[in-house]
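Derivation of every value follows stated rules applied to the coordinates shown; laboratory data play no part. Predicted model only: the values in this text are computed from it and were never measured. Note that we place each Cβ from the backbone using ideal geometry, even for glycine, and neighbour counts take in every protein chain shown.
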């Protein structure tokens, strides 16, 4: 119950969706939970959201739920708000006449069985009735496509004829990989064959949709498995607008689960562009620095940005964390000030994650120990400067390119604890300005 209003139930997505199902059933309609929420519940995972499917026409749904709006009127999808929780309610439908590998030219309302058959994979084609509990006090599952058995077998299998499912939406080929990697399931052989046969058609999909799907795959628990499947099924080429290029993924496999997207991309970029003879083992920092200077890296970044519709932020992060490996490699020769500047830099955490994937062992362990010590330094990693350019002007110096050099030296001295007061800093400015 809601603590602030005991008469009002807790507004969780599950409760909101159950309320919708009950309202529809009380009005004489069939209504179920549908798709991913059913799959996740059967896998003992917390569903991220809840969808409802019903035989009620969209206009009936709108009448039953005044706080609602169309979000896909031609597809019979209504967004209903229950206690401020948005729940998608879709009328059972069938679709046909796909001409562009994405959108159907014809849609008709139908029953639950035919609605299930239009969906992508068997594990996503399940329904459940939260108001009709089974002997285990769990919602009764309605399965028209063999999804329960595939969950038990841990298989990702296209519903019906795989070729037909992929002709309806080529992006489903990437979704198959994402679900396989996310759940650590096996890809059904017939489904895998259909993906490989249709891989070039992925290029007909908008780059934005491809980029969004790769983001979901690479920020999941098994990005290396997703990349490995993409390469095996020859989807890596159309994903990146490059040639199919199977590689060992030595760097990507070392990343921790759920990495930041730019870090996973950087690891894949390194693996894909490492010479074959070096790819069998971990590539060294020296090799990366040699292979990926700014001149060599920029064309790849431009191509990947266009292929994946990367944001400016992701592109800049991807570039920075690869180039920053040069500083990681030089860590032992860096001054305290240089180390602090690096630790305070915008992409340090990303760079560190990638560095651990490239190089495991004492070097990175020692670096992390040094970094922790510097984080605990009372001076801090990026304290406010004791002096600024205004102080140089007040000392009688005209603004010039030398200002930056002088101020950087003063700030380095501050970071290293050589000066601790503003008076010390001003004295240092006077001495530096005369050198």
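The long axis of helix 422-433 is offset from the longest Cα principal axis of the chain by roughly 70 degrees.
Label sites at residue 71 and residue 332, each approximated as a point 7 angstrom past Cα along Cα to Cβ, lie 5.5 nm apart.
Apply the Kirkwood formula to segment 28-85: the hydrodynamic radius equals the inverse of the mean of 1/r over all pairs of different alpha-carbon atoms; give it in Å with one decimal. Could the numbers behind the result be given before it?
On the way: mean 1/r = 0.0802 Å⁻¹.
The answer is 12.5 Å.
Normalised radius of gyration (Cα atoms, divided by 2.2 N^0.38 Å) for the chain: 1.28. The C-alpha atoms of the chain define a longest principal axis, and helix 13-26 lies at about 20 degrees to it.
Every Cα-Cα pair of segment 389-433 was included, and the share exceeding 14 Å stands at 41 percent. Judged by the mean number of other Cβ atoms found within 10 Å, the most tightly packed of the peptides 167-176, 29-38 leads the ranking 29-38, 167-176. Using only Cα coordinates, the Kirkwood hydrodynamic radius of segment 243-314 works out to 13.0 Å.
Could you give the C-alpha radius of gyration of segment 247-382 expressed as a fraction of 2.2 N^0.38 Å, taking N as the number of residues it contains? Numbers along the way, then the final one.
Numbers: Rg = 14.9 Å, N = 136, 2.2 N^0.38 = 14.2 Å.
Against the compact-globule rule of thumb, the ratio is 1.05.
Potential lengthening of the chain between residue 46 and residue 108 amounts to 19.1 nm, from the contour at 0.36 nm per residue minus the alpha-carbon distance. Taking each residue as 0.36 nm, the span from residue 360 to residue 182 lengthens on full extension beyond its C-alpha to C-alpha distance by 61.5 nm. Sorting the segments 199-212, 350-363, 368-381 by their residues' average number of neighbouring beta-carbon atoms within 10 angstrom, most packed first, yields 350-363, 199-212, 368-381. Projecting label points 7 angstrom from Cα along Cα→Cβ for residue 416 and residue 430 puts them 2.2 nm apart.
Relative to the longest principal axis of the Cα atoms of the chain, the long axis of helix 223-232 lies at roughly 70 degrees.
Extension gain for residue 393 to residue 219 (0.36 nm times residue separation, less C-alpha to C-alpha distance): 57.7 nm.
Calculate the FRET efficiency for residue 84 and residue 136 from the Cβ-Cβ distance with a Förster distance of 35 Å, rounded to the nearest 0.05. Approximately 0.65, to the nearest 0.05. Our compactness index for segment 314-406, the C-alpha radius of gyration over the empirical 2.2 N^0.38 Å, is 1.34.
For the chain, what is the relative contact order in percent, using Cα pairs closer than 8 Å and at least 6 residues apart in sequence? Intermediate results must be reported in sequence, preceding the final value.
Details: 662 pairs, mean separation 36.0, N = 435.
Reported as a whole number, the value is 8 percent.
Share of Cα-Cα pairs in segment 1-149 beyond 17 Å, in percent? Beyond 17 Å sits 62 percent of the P(r) for segment 1-149. A simple spin-label model places the labels of residue 154 and residue 242 3.0 nm from each other, with each point 7 Å out along Cα-to-Cβ. Shape descriptor for segment 185-246: Rg over Rh equals 0.94 (Cα atoms; Rh from the Kirkwood inverse mean 1/r).
Helical runs (DSSP H, four residues minimum) scored at -39500 (n - 2.57) apiece and divided by the length of the chain put the mean residue ellipticity at 222 nm at -14500 deg cm²/dmol. Beta-bridge orientation, the chain: approximately 80 percent antiparallel, per DSSP, counting only bridges with both partners inside.
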